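The values are calculated or read from the model by the stated rules, or taken from the named source; none is laboratory data. Owing to the predicted nature of the structure, the values given are computational and were not obtained by experimental measurement. For neighbour counting, all protein chains shown are included, and Cβ atoms are generated from backbone atoms with ideal geometry for every residue, glycine included.
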Amino acid sequence: MELVTNKTLEKLKYDLVRDGLISYEDIEKAHELAVSQNVNIGHILIKSNLISEEKLLKFLESKLHIPYVDLKDYTLDSRCLSYINFNDAQKYKIIPLFKIENVLTVAMADPLDLFAIDKIVEKTGCDIEPVISAESSVLKKIEEYYKSDSSVGEINIENSETTFDWQEELHNDVLSDEHIQILIRAILKQAILNNVHEMFFEHTPNGLSVNFRVNSEIVNTGQIPSVLVVPFISKLKTLSDLDATVCELPQLGKLIFKVDDLLLTASISAFPTINGERISLKIYKPPKKLEDIGLTPSQIDIIRNETKEAGIILVCGSSLSGKTHIIYSILTDIADSNKNIMTIESIAKYNIENVNQCELNENIGFNIEKAMRFIEFQSPDLIYFEGITSKIALDYFSSLVFKNKVLITEFLADNMADLNKKLSYNDFEMFKPLINCIIFVHNQKSIEVFDRNEIKKFMAIV
């Protein structure tokens, strides 16, 4: 797992000492904290009040002879957003400001990140002129501008008619990139209006069927005609940062789109079948505060207390019940606890500040086995790992409890009887005694939280 760094500050950190801005002892202490928490050293210096953000940026400007731009009241050229997609902007903490001839000026938190600059040069075909800006300001501008210029466009559902049907967009017979994007937007709009969180696109002899999962049932909502299938799949994959030229191998990506004033994330899974690629899309809503998801104060106290004690927090429920949403709310709640919180996920649904989120990537060999071998070197205090994939992984993560780690994971169970039955299997012999808290999500309005004493009673009959 790559250590989070700021290459600019790593190179110049001792110049801060030589210029009398920070003591050597403070720099060394900040470096140790940055490594242990897997954040860049600049974050630690500012958070610890060792130096103000403005003074640090002015220092970098003078040393690098790269201009510092305060983005607070800056209005950038929104036409330039097309040069850098939302995922790259967030990943590299970079946002385009303006373009003159073939030179694209970008604001960066880390202007010596040559890898990021090379990537942007490769994708844009432009010469890149970096300026220095505060990391927080860059991220704020990314959120502000990419929200209003989402990759699939804005979806408005306020005052929308309840009989909205995405198929009406098929009446437009203009085969264009804009028409395909409108079609994708219409399908997503109907899914949100119908409170649907999972959909599938499947090949048929006459085109591509669009299926929604409604109350555990697959419901066909219409069909995209054959003439639009190839451009539709290609556009959907491109928007999700997948390789549109690959159809023989599984791919996993992320689609970000705006609904009214809300930015939503969807995971996109492309899987080859003998009839053609099957596309699965799952929509995730932004996490809410624990107080806003229907939990009682006593339930919240149980959850918060158990995030401080070594053990397992098990979040259970049926498919699409909202397990991941609950977990993200927990992670958001404890993000400022001065603990090293890490995640191992297939897709990071939303970026959570002060949480070190990690996406598995089979394409480069970074799978769960590789994560298990190396994550302990990061000295995590709390780990969220997405689902239980194998007995080996189950036993490994369970063993971390004996090293004073807190673990959060999700578990598929339709009801308490189903959970009872599944936990009775021998594979969970080591896992069960380490569970400190069970959160069972029956639905969005019904969530149960069981503390250690209640779990002991429950386990006695498992």
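Of note:
- Any helices (runs of 4 or more DSSP H) falling wholly within the stretch 269-385 and containing at least 2 residues that are closer than 25 Å to His442 by Cβ and over 21 Å from the mean Cα position of the chain (by Cα): 297-306
- Segments classed as strands (runs of 3 or more DSSP E), wholly inside the stretch 189-258, with at least 1 members that are touching a Ser or Thr at 6+ places or on another chain (Cβ under 8 Å) and exposed (fewer than 14 other Cβ atoms within 10 Å of the Cβ): 217-225
- Of all residues making up the stretch 77-108, the number that are farther than 24 Å from Lys55 by Cα and part of a loop (DSSP other than H, G, I, E, B): 5
- All conditions but one from (1) exposed (fewer than 13 other Cβ atoms within 10 Å of the Cβ); (2) modelled with pLDDT of 85 or more apply to Ser82; the one that does not is (2).
- Close pairs (9 angstrom Cβ cut-off, 6 or more residues apart or separate chains): surrounded by fewer than 16 Cβ atoms within 10 Å (Cβ to Cβ) in the stretch 123-147, in a helix (DSSP H, G or I) and charged (D, E, K, R) anywhere: Lys123/Asp88; Ser136/Glu53
- Qualifying residue in the stretch 410-419 (condition: among the aromatic types (Phe, Trp, Tyr), in contact (Cβ under 8 Å) with a residue 60 or more places away in the chain and buried (at least 17 other Cβ atoms within 10 Å of the Cβ)): yes
- Among the residues here, Lys405 does not qualify as touching a Lys or Arg at 6+ places or on another chain (Cβ under 9 Å) and among the basic types (Lys, Arg).
- Restricting the stretch 351-395 to residues that are modelled with pLDDT of 90 or more and hydroxyl-bearing (Ser, Thr, Tyr), the residue that is farthest from Phe257 (Cα to Cα): Ser379
- Search result, residues across the stretch 399-411 that are closer than 21 Å to Ile326 by Cβ and either part of a helix (DSSP H, G or I) or touching a helix residue (DSSP H, G or I) at 6+ places or on another chain (Cβ under 8 Å) (or both): Val401, Val406, Leu407, Ile408, Thr409, Glu410, Phe411
- Residues considered: Lys432, Lys391, Lys370, Lys422. Of these, the only one that is over 30 Å from Pro250 (Cα atoms) and not small (Gly, Ala, Ser) is Lys432.
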